[in-house]
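The values are calculated or read from the model by the stated rules, or taken from the named source; none is laboratory data. Computed from a predicted model, the values in this text were never measured in an experiment. Cβ: placed from backbone, ideal geometry, glycine included. Neighbour counts: every protein chain shown. Protein only, heavy atoms only, side chains kept; ligands, DNA and RNA dropped before computing areas. Shrake-Rupley method; radii C 1.70, N 1.55, O 1.52, S 1.80 Å.
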Amino acid sequence: MANQNGNSVLAAKRSHRIGIAIFMLFSLLFARLWFLQVNARENFIKNAKFKRERVIVAEAPRGRVLDRNGKVLIDNKYVPSISLQKTIGATNALEICKEIAPILGIPSTLLFERWASDANDPIKPVVIARGVSFEALTFISERQSEYAGIEVIQVPVRVYKYGDVGAHLLGYTGLVSQDDIDENDAYRLGDYVGKSGVEKTYEGYLRGKPSIEKVEVDNKGRVVKTLSKTKSTPGNDVFLTVDIETQVAAEKQISRGTVRTKEREISDQLLTDGTSPSKSKSTKVEKEKIFTSTSKPGASVLIEPDTGEIITMASYPTFNPTAFLRGTVSQDEFDEANLPKNNFPLNNRTIQGQYPPGSTFKLVSAIAALNSGLLTKDKVILDGGKIIIGNQEFTNAGSTAYGPVALTKSLAVSSDIYYYLIGREFWQIWNKNNNDPKGLALQETAKGFGLGKLTGLDNDVEQPGRIPSPESKKAIAEAIGSSDTQWLPGNNVQFAIGQGDTLVTPLQLARIYATFANGGDLLTPTILKRIETHDGKLIKKSKVVKVGHVPLKKENRDAIIEGLRGAVTGGDGTANTAFAGSPIIGNVYGKTGTSEVTGKADHALFAGVYSKDGYKVAGMVLMENSGFGGEVAAPMLRRIFEKYDEQLATMSDEDNK
């Protein structure tokens, strides 16, 4: 009995202790629940909203770029691609990249680098491979459950319909940088934006309005529900003044037929290590290089004198705009493209290249002399092939003596002596009369043709060139620590034939001849014809912009044209061989140029005007370190003019008159 009572007491004590423990546990639980529901309720609500709602912005298709006749130059194309979720974490992402790299034929390091880039949106899936082959796409699609976070999608990419033609003019797109985002709050990480050329200049028009999707996600960042969505609006279409068929002809000429004119395949595998997964593993395909450089560098520009509209703007060597579609070009590739041996293919020589114009500049010198009264069109000088100015001898090419020479003949045969004398006489006026500004008529006429400053073309890389003057010589001397600051007769003599410190861009040279061809009106050049919405509504149309005028009496102008035509058709004309037998020989006048380059071969130039039935176009070709202008550049411009002549039938009167 005693034992039973003892056991009962012990059991009661145990029950009491258990009861106390249970009470304490429930008290703690209720306290925690009270804290969570009451005290931290506001913070949890905020955190829940932050974690559950996301905004996904998807880029709209960019607008197209078309030539003056409506031919599409840049379009959009949807290509099969692979994306990888950002929310899976770096460890998982790296493992997946390693597994699919052999299938895609792309190094795993590059795939992971794309995924991990700071330029990516933290929630949007990252496109790690574009233009995936059918075989690779099928393989991954069938095993998609094995690769968490992988998605097979279609993404829009830019398509350059004529390959590398017009690459400098059209430009390329690339991943937005932080600097871009800082300057424009409409940009988001992962966006593609115009980086150069038309793609950059008209970015505001080409860029569409993105779609905005508000979604609900789980605690791992995975989308579980769409809350709202607005559709995207495609970008606007930009019509250029360029005629693409003439542009192709120009690029074929200056590249000597090596430029690629066909649309390139959009495929990442061709942009990396050259392995093609669609073939056997031992098979290699040609790696798409960022640049093409197989012949001498050169440039060509055609411009309408009456409108300032640019018909062609060709620069060589060129580059492959498709290479930039992966979002970035490696530093090694970029460095290689900028090696001197590869001739800087990313430079647009038409507006960035600065060259001595050589004898093509004699047109400016002739007008300066005529307008100042220094000489008349009929004044004759005796050209003996050489002349002494100061203590220096100046000669014609090959010391050829042309005998009695007036204005017309001076242009046809390219008498240097004639223009040396012009340069000397202007210097004498300046020197004799205490820096008389009349002695700087060459410089002022060059300014009248727009030299020494930017042309006003829409771009951000154009160079101004240089007009030699007493001030410029002094500034250059001081900059390099030279004591040679005095403006000497030889400086002005060299300037009169487009040598010395004279520098022009190819666009500036074409503009000189365009200004002469239209009667003296200096116009701002343009590549923009019009801009339309994606459904054809007009937004903007280019206008003719006159910024100056170079006067010239009709009889003097006629004499100059006669001389320039003699250069093309005359028996002793410097370009007669180049145009012999051409069906357009009677429609062209122009001037050859061979500009000297210290320590290198001469640059070859030809600038001229084609005119027929009320249509006209001014143009030029420059080939670096290539020899005589009449032998190298003139035949090229002849063929470009011939192509333009063919194209007139496809152009409307409104476009070309």
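Some values worked out for this structure:
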item	result
FRET efficiency, ASP460 to GLU113 (Cβ-Cβ, R0 41 Å, nearest 0.05)	0.90
Size-normalised alpha-carbon gyration radius of segment 585-657, reference 2.2 N^0.38 Å	1.27
Rg/Rh ratio calculated on Cα atoms of segment 175-233 (Kirkwood radius)	1.09
Rounded to the nearest 10 Å², the accessible area of ARG188 at probe 1.4 Å	110
Equivalent ellipsoid semi-axes - Cα gyration tensor, segment 113-241, angstrom	29, 21, 14
Segment ALA649-GLU213, length gained on full extension (0.36 nm per residue, minus Cα span)	152.0 nm
Nearest-0.05 FRET efficiency for VAL380 and ASN431, computed from C-beta distance (R0 30 Å)	0.75
Cα-projected label distance for ASP572 with GLU336, points at 7 Å along beta-carbon direction, nm	5.3
Segment 479-574: translational diffusion in µm²/s, Stokes-Einstein, Kirkwood Rh over Cα pairs, 10 °C, 1.306 mPa s	90
In Å, descending, principal axis extents of the Cα set of segment 399-476	48, 34, 21
Dimensionless Rg over Rh [segment 368-497; C-alpha; Kirkwood]	1.01
Nearest-0.05 FRET efficiency for ASP535 and THR598, computed from C-beta distance (R0 45 Å)	0.20
Volume per residue of the C-alpha convex hull in segment 77-171, rounded to whole Å³	117
Greater than 23 Å apart at Cα, pairs in LYS453/LYS474; LYS195/LYS616; LYS77/LYS225; LYS409/LYS447	LYS195/LYS616; LYS77/LYS225; LYS409/LYS447
Reciprocal of mean inverse Cα separation for segment 296-364 (Kirkwood radius, Å)	14.4
GLU113 accessible area, 1.4 Å probe, all protein chains in place, Å² to nearest 10	110
Positive-pole candidate from SER177, GLY190, VAL127, dipole of segment 84-193, charges at beta carbon	VAL127
Order of exposure, largest accessible area first, which applies to ASP164, ASP613, ASP179 with probe 1.4 Å	ASP613, ASP179, ASP164
